[in-house]
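Some notes on the structure that comes next.
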Amino acid sequence: MSGKERLNIFELIKKVVFTDFVKGLSITLGYNVRGSMTLKYPDQEKWIPYKRFRGLHTLNRDENGRELCVACELCSKACPTQCITVIPMEDDTGRGISDRVAKVWKVDLVRCLFCGYCEDACPTRAVRLGRDYELACSDSSCNLKQREELLVPQSVPESFEGGVVAASTFEASPAGLRVKADLTKTKKRPW
Amino acid sequence: MSTVKINGKEVTVKDGTLILDAARDAGFEIPTFCYQADLMGVGSCRMCLVEIEGQKKLQPSCITPVLHGMSIHTETPTVMSARASMLEFLLANHALDCPVCDKGGECELQDMVYKYGPHKGRHAEPKFKFQEKDYVLSPVIIKNSNRCVQCMKCVRVCGEVVGANVLGALGRGDHQEETSFLRSFLDCDQDGNCIEVCPVGCFMRLPYRYKTRPWDLKGKDTVCPYCATGCRMVIEERDGIVIRAKAQLGVGLNSETLCARGRFGFDFINSPERLTKPLVKRFGTLEPASWEEALGVIKDNFIAAGKNIGGIASARLTDEELYLFQKLFRSMLGSPNIDSSARWAPEAVEGFIKATGMDEGGASAFDCMESDTVLITGTHLSDENPVTDYIVRRISAGRAMNLVIASPRAMKLDSSASQIVRHNAAAEGHLLDAVTLSVYGGNVDKLRDVPGINRIKDARQDDLAGKAGCSADDIKAIARKLTGEGSVGLFAGTEFLRYPGSIPGLALLKNALKALGKKVTIIPVLDRANQRGAWEMGVHPGFGPGYSPVKERGMGCADMLEAASSGELQALYVVQSDIVAMHPDENFVRGALSGLKFLVVQDCFMSETARLANVVLPASSFAEKDGILTNQEGRAQIIRKLLPPPVKAKRDIDIIRAVGETFDRSFGPKNPVLVLDEIRKEVGMYGEVSLAFNNKRNVDNKLDLKEALVKPAGLAEGLNASGLETKLEPKTDEHPFLLATGNHLFHSGRLSRKSPTLIGLLKNAIVEISAEDASALGLMNGDKVRIKGRYYEAYATLHTRSGSKGGVAFIAENYDDVPVNRFFRRGEGVPRVSITKA
Amino acid sequence: MEKILLKNLGRPGFHTIDSCLVNGGYNGLTEAFKHAPESIIQMVKDSGLRGRGGAGFPTGLKWSFIPKDPTIQKYLCCNADEGEPGTFKDRGIMENDPHLLIEGMIIASYAIGASVSYIYIRGEFVFGTRRLEAAIKEAYEKGFLGKNILGSGFSHDMYIHRGFGAYICGEETALLESIEGYRGQPRKKPPFPALSGLYGKPTVINNVETLACVPAIIEKGPKWFSSIGPEKSPGPKIFCVSGHVKKPGLYELPLGTTMRDLIFDHCGGMLNEGRGLKAVIPGGVSAPMLNAHELDTPLDFDSLAAKGSMLGSGAVVVMDESTCMVKTALIINRFFSHESCGKCTPCRDGTPWLTNILKRIEYGNGRPGDVELLESLCTNIFGRTFCPLGDGAVMALRGALKNFRDEFQHHIDHKRCMVS
């Protein structure tokens, strides 16, 4: 019986000194001094994801600038949503690493679920899911990404480590809205 | 019979059966690369090694026959490790560029490694490379030797089946490379059978190169639309464009073989020149119109023409379409004037049907080749029907038989023949008469009552042989072979239709041999996919469906044109037939057609005939319809629709029905299946023909499905075969060459001229004469020459052939730049021409 | 011992028919025509003569497989495509005593009823070809070849076919393909050449040395022949000794002579007295090598087979202690991979692979596990090839691996050779 009584005494003391109340308030007060968690996106800050992030597809080139894609269509075969279409052609002018290159390589982003199977299937590491994630637009035209767009290097180079917040500028032009990150000015994320 | 145990299961097989076949029959799988049923076994790939109890070493099952009491194991760890090790060796120097390789996805090496192979590589050395880049071996073949598994199937199929013998091996050991002589550009049959048998991506189709992956293709089983051999093949499309035709191992009478036309000639389907809208002539020009308008014009003009109307349907249409076409004319329009060929006279057709016994039901070419003596006459088989040529070559090499070839022109098949006879052009009849006379000489008693024997029995052997242009010894040798032991097979080709005077000779020989109590099997060798079907559906002025007699005999093509020029015939309905290009004497045809009040042409392309038409209807190709085609043997085979007809074009059966419906809404039946039902009901020959064999595989490799053969018509009488004669222009010093015509190896009619690949194989016209004649004229192979007839002259490239009979100039009927029918003049005989250097 | 095969070796001028006839040449042929063909086959059977080409198949038995029907065309082929490294016995016979071979061939042809025979001679033997051509011409002139030989009613024609330098054409069916004008690749067996050989007709293929034994058997009787050497493999045999011995060369000795006698008695011992014997290849490079302690093995077909090696063509290659076995294995294997005809998978792709690995080991780039890889590849090749060429390559390598495995391992582990 005495143990139970002692417990009750502790409870009583806690109640008297408002322990729970202080605990809760300390969390609240803590946030007041820890600084902001909100990113000032898009006009000042932009989150640069980690390397493992799976964003917009990119088609890579080798060090000589030749397309790595050999249009083997394995990505389109592996795709669970059948959102990738590849049509091969022959071109031995040195456009690609082999004389088989893609005439058409397009991905339907509405269907894509960014699972990364295409990356895994690719025998030449030509297709990678990059770190561009601003895919929204005001009409459906941009949902279909063609080879030409995907061959343009993405805003975040492969070598960049990622997982940081970069300073950014917001540009609104007739061509569309763009958030441009400055990868030289980065900071750790605030949380 | 031998009884053997395979993996403990007891099976009884014929003596001499290969262990491989026995095991496969028993349901055990044995992988192979170098084994192919139709080819000689070599046992080189070592994939099929099996364990036989009591033998130390593993044995190759593809060349080892079973012995009674053998106990064979095909799935022991030793066997499995042997398979894996063979695959490891093959992969050691394999290029492993599967992502780029066109075969990737349907590669036998991939499949086998996936199934049996080592899944980890141990070969860490640099690989030997034959060459860095794929090289073009011919206009249709591209080659990458780095992927080769050295199964030698390409070399063997080229030599044993195709007979071209242009492939061989260079180098030795792991540097051995199967290719042409020093990798030179191939000048061969271009049939691509080497591509088809290649288990890996070593031989590849050039037109198909880097177009797709096999899993993107949608295919349909169909039949080749060119000659009447009736090769089964699969055409495959991606995004609405047909990009490949392939044959399947063990399917159809052709198995994996096709000729250049079949394998590469499908691309006319995708031609941008295809007609897509109905056209109606307004103020002298053809302008696009709606179907309603076009059909309205047709109805008005057909009504105006009344019974003075004729119809010509192509022998490439399906049986259903042809049946409906004759029904439209006979029962709807009330006109008996229909024909299925612009080239042959109706009487000749009837005589030929009777002589070859087509009304007695289908006969299999394999049965014919089972005969002890086979005579091939009236056809240049190697060029006209290449796959029939393959069948003859393959079977004749495998058994002891007499193969006699009688032809004015030398051909590839000659090397398989036991006797070759070169006779004068258009002299098939004289040759066969001489042979019959020789047969008669020894069997007067038995042959006295053979009908028609009186025609020749008093002739002199030397006269007939002289007319045929061959020696009496040759004739006697043929007669001796035909009257010798065993049965007789005959392949009788289209020369008999071209020169109808020869038909009585064929009929007489057949009757004489039958009177001697011999089994005679005759295969008519035809050059249009459904020529036999067209006749059996009754698209002929002299007989109805199933060779049934007609009440009123109509006009054939020539008579219709005659009537048109005299104004008697007012309207003509031409379906997919180019009579301007095909009927002898082009000027006459043009004149006759312009004399018509109304001409409807239904075609896939703007043909020469269509340009003269009042209404042009866009029709569909073989890839766009369902139906059945009857090949030369009388085998009814299904074709299936792969694509919809382009834009506003329609299936021919729908167009024919729509034309009929403008007169009577109930004209039908409404779809091909119902038409076939009606054919089965109305035409006895087709009543019990089985079509249930689509994609049925021939496990016994006989490739002979007899249930598909049409049944006898049971109508012995009723065919009018009188007035058959061959007219030749008299020989003059001015025009020494008799003009022969037919199809070129790469082309069939004018349809194949719309195929870019086949045009790439042969674009410009060639004229062929014998090498001896050429050297007498001081001409060389490849020279540009002027061909001059009495009415037309043209320029072409000279092609010489050694071993042909002299005095014959051959120009195929396919070339639009040298329309061979312009040399002909109506009412005059087969023309003669002169050839001089241009 | 009286020399039978090499009796004219080193006697200038004895290759001509005149000196040959003086010395009793063609006596065997004259004797043979006194017997019926069947009894000649029986005599050869009784003599116990076994094929000297390598396999040791009883010659009389081989002849007796030929159908007796006189209407069938038959052929005799003499296999003079002596390509095995270290073998030069047939060359000795052909260059120095061509008439002995021709006589043997005529007798063999008479026995089997062949009207035509071919000598398939290695293309590099230019001198031998000239000697043979001259000898055949002489034989025709003297009436030993041609129509109705020596009035016996037997007619025979003999042709020389020069090979084009392919080891595989020493395999009997590849030899036939080569004579017919095809690629030199072995044919499938059955049917065996005795039923369907050259041009699809019954054919006997014998080695030069085998055929050269025949005249003596006929002349002196099978009993005399079988009394030479051991019971199971009687007769004289030419040993081609090369390598580290004082007197390399051709030695005609009875079968059953021990290796020790051959090397130390006849050949005068090791070349360099200071170095001991390391290994001997007893019968051409495809025979697995023997160790120094196996020197007392009698050199005959059965004793060597019992030791896991074979007599082969009788090419004895002696190697002393300074020899690197990895290099030896590499040289032998490179030969086989170069000579592989390309027909079957394991030999075509397997032997070059073995060569590559051996090259790697020899040049100090060996990797751990390479010896096991070699052994595993040997297992995969052995017994699965189309003809014995692949087996020969494997047997040679296996012999080296069995006896000198540590030497291979040393190469891999220390990147350098053990002996030099």
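Bear in mind that the values in this text are calculations on the coordinates, not laboratory data. Quantities reported herein were computed from a predicted structural model and do not represent experimental measurements. Here the Cβ positions follow ideal geometry from the backbone for every residue, glycine too, while neighbour counts run over all protein chains shown.
May I ask which of B:LYS220/B:LYS763; B:LYS327/B:LYS706; B:LYS307/B:LYS327 have a Cα-Cα span longer than 20 Å here?
In this structure, B:LYS220/B:LYS763; B:LYS327/B:LYS706 lie more than 20 Å apart at Cα.
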Legend entry - DSSP bridge pairs, region C:236-320: antiparallel proportion in percent, nearest 5: 80 percent
Inset, instruction - Using a/c under 1.5 as the rounded threshold, could you call region C:44-199 rounded, prolate or oblate? The axes a ≥ b ≥ c are square roots of the C-alpha gyration tensor eigenvalues, and prolate needs a/b larger than b/c, oblate otherwise. - result: rounded
Legend entry - Filter on C:LYS307/C:LYS359; C:LYS62/C:LYS142; B:LYS57/C:LYS343 - keep pairs with C-alpha separation over 22 Å: C:LYS307/C:LYS359; C:LYS62/C:LYS142
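So for region C:325-414, averaging the separation of alpha carbon pairs under 8 Å that are six or more residues apart and normalising by length, what relative contact order in percent results?
Rounded, it is 38 percent for region C:325-414.
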Inset, instruction - Quick one: what are the phi-derived ³J(HN,Hα) couplings along region C:208-219, Karplus 6.51/-1.76/1.60 with θ = phi - 60°, whole Hz, x for glycine and proline? - result: 4, 5, 4, 5, 5, 6, 4, x, 5, 4, 5, 5
Inset, instruction - Within 10 Å of each residue's Cβ, count the other Cβ atoms and sort B:THR741, B:THR797 from fewest upward. - result: B:THR797, B:THR741
Inset, instruction - Just check chain B against the gyration tensor rule for me: Cα atoms, a ≥ b ≥ c as the square roots of the eigenvalues, rounded for a/c under 1.5, and otherwise prolate or oblate depending on whether a/b exceeds b/c. - result: prolate
Inset, instruction - Let me know the charge dipole size of region C:325-414 about its Cα centre in debye, to the nearest 20, where only the beta-carbon of Lys, Arg (+1) and Asp, Glu (-1) is charged. - result: 240 debye
Legend entry - Directionally averaged projected area (convex hull, Cα atoms, region B:724-773), nm²: 5.6 nm²
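Compute, for region C:236-320, the length of the dipole vector about the Cα centre, with Cβ point charges of +1 (Lys, Arg) and -1 (Asp, Glu) only. Units Debye, rounded to 20.
So the magnitude is around 220 debye.
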Legend entry - Most fluctuating residue given options C:GLY284, C:GLY342, C:GLY24, as computed from a GNM of chain C linking Cα atoms under 10 Å: C:GLY24
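Could you pull out the pairs from B:LYS551/B:LYS754; A:LYS40/A:LYS77; A:LYS103/B:LYS246 whose alpha carbons sit more than 32 Å apart here? Mind showing how you got there, number by number?
Values: B:LYS551/B:LYS754 40 Å; A:LYS40/A:LYS77 41 Å; A:LYS103/B:LYS246 25 Å.
Those over the limit are B:LYS551/B:LYS754; A:LYS40/A:LYS77.
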Inset, instruction - For B:THR726, enumerate residues with amide H under 5 Å from its amide H, sequence gap 5+ or separate chain, H modeled in the peptide plane. - result: B:GLY501
Legend entry - Table column - 3J(HN,Hα) (Hz), region C:303-309, Karplus curve with 6.51, -1.76, 1.60, x for Gly and Pro: 5, 5, 4, 5, 7, x, 10
Inset, instruction - For chain A, with a Gaussian network of springs between Cα atoms less than 10 Å apart, report the residue from A:SER168, A:SER140, A:SER26 with the top mean-square fluctuation. - result: A:SER26
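I need the peptides B:254-260, B:553-559 ranked by packing, meaning the mean over residues of other C-beta atoms within 10 angstrom, with the highest value on top.
Descending packing order for the listed peptides: B:254-260, B:553-559.
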Legend entry - Sequence-separation-based contact order of region A:56-153, relative, with Cα cut under 8 Å and 6+ spacing, percent: 36 percent
Inset, instruction - Report the paramagnetic label zone for A:LYS180: residues of region A:26-70 whose backbone N is under 11 Å from a point 7 Å from Cα along the Cα-to-Cβ axis. - result: none
Inset, instruction - For region C:238-244, take each phi angle, set θ = phi - 60°, evaluate the Karplus expression 6.51 cos²θ - 1.76 cosθ + 1.60, and give the result in whole Hz per residue in order, putting x for glycine and proline. - result: 8, 9, 9, 9, 9, x, 7
Legend entry - Cut-off under 5 Å, modelled amide H: who pairs with C:ASP320 long-range: C:HIS244, C:LYS278
Inset, instruction - Nearest 5 is fine: what % of DSSP beta bridges in the protein assembly as shown come out antiparallel, could you say? - result: 60 percent
Legend entry - Between region C:6-81 and region C:302-342, the alpha-carbon center distance in angstrom: 30 Å
Inset, instruction - Could you order peptides C:14-21, B:441-448, A:126-133, C:34-41 by the average number of other Cβ atoms within 10 Å of their residues, highest first? - result: A:126-133, C:14-21, C:34-41, B:441-448
Legend entry - Estimated FRET transfer efficiency (C:MET418, B:TYR135; beta-carbon r; R0 35 Å; 0.05): 0.15
Legend entry - Dipole magnitude of region B:221-355 about its Cα centre (Cβ charges: Lys, Arg +1; Asp, Glu -1), debye to nearest 20: 220 debye
Legend entry - Those lysines that a straight Cα-Cα span of less than 16 Å connects to C:LYS68, excepting residues fewer than 8 apart in one chain: C:LYS201
Inset, instruction - Show which lysines lie in cross-link reach of A:LYS46 when reach means a straight Cα distance below 29 angstrom and same-chain residues fewer than eight apart are skipped. - result: A:LYS106, A:LYS145, A:LYS180, A:LYS185, A:LYS187, A:LYS188
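Using the Cα gyration tensor of the protein assembly as shown, with a ≥ b ≥ c the square roots of its eigenvalues, what is the shape: rounded (a/c below 1.5), prolate (a/b larger than b/c) or oblate (neither)?
oblate
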Inset, instruction - Using DSSP, restrict attention to beta bridges with both residues in chain B and report what percent are antiparallel, rounded to the nearest 5. - result: 55 percent
Inset, instruction - Based on the mean of other Cβ atoms within 10 Å per residue, sort peptides C:297-304, B:623-630, C:343-350 so the most packed one is first. - result: C:343-350, B:623-630, C:297-304
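Write down, largest first, the equivalent ellipsoid semi-axes of region B:470-534 in whole Å, where each equals the square root of 5 times an eigenvalue of the alpha-carbon gyration tensor.
24, 15, 11
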Legend entry - For region B:706-797, with +1 on Lys and Arg beta carbons and -1 on Asp and Glu, the positive-most of B:HIS747, B:LEU777, B:HIS735 along the dipole: B:HIS747
Inset, instruction - Among C:ASN365, C:CYS213, C:ALA306, flag the residue with its Cα farthest along the positive direction of the charge dipole of chain C, charges on Cβ as +1 for Lys/Arg and -1 for Asp/Glu. - result: C:ASN365
Inset, instruction - Would you work out the relative contact order for chain C, in percent, from Cα pairs under 8 angstrom that are 6 or more residues apart? - result: 16 percent
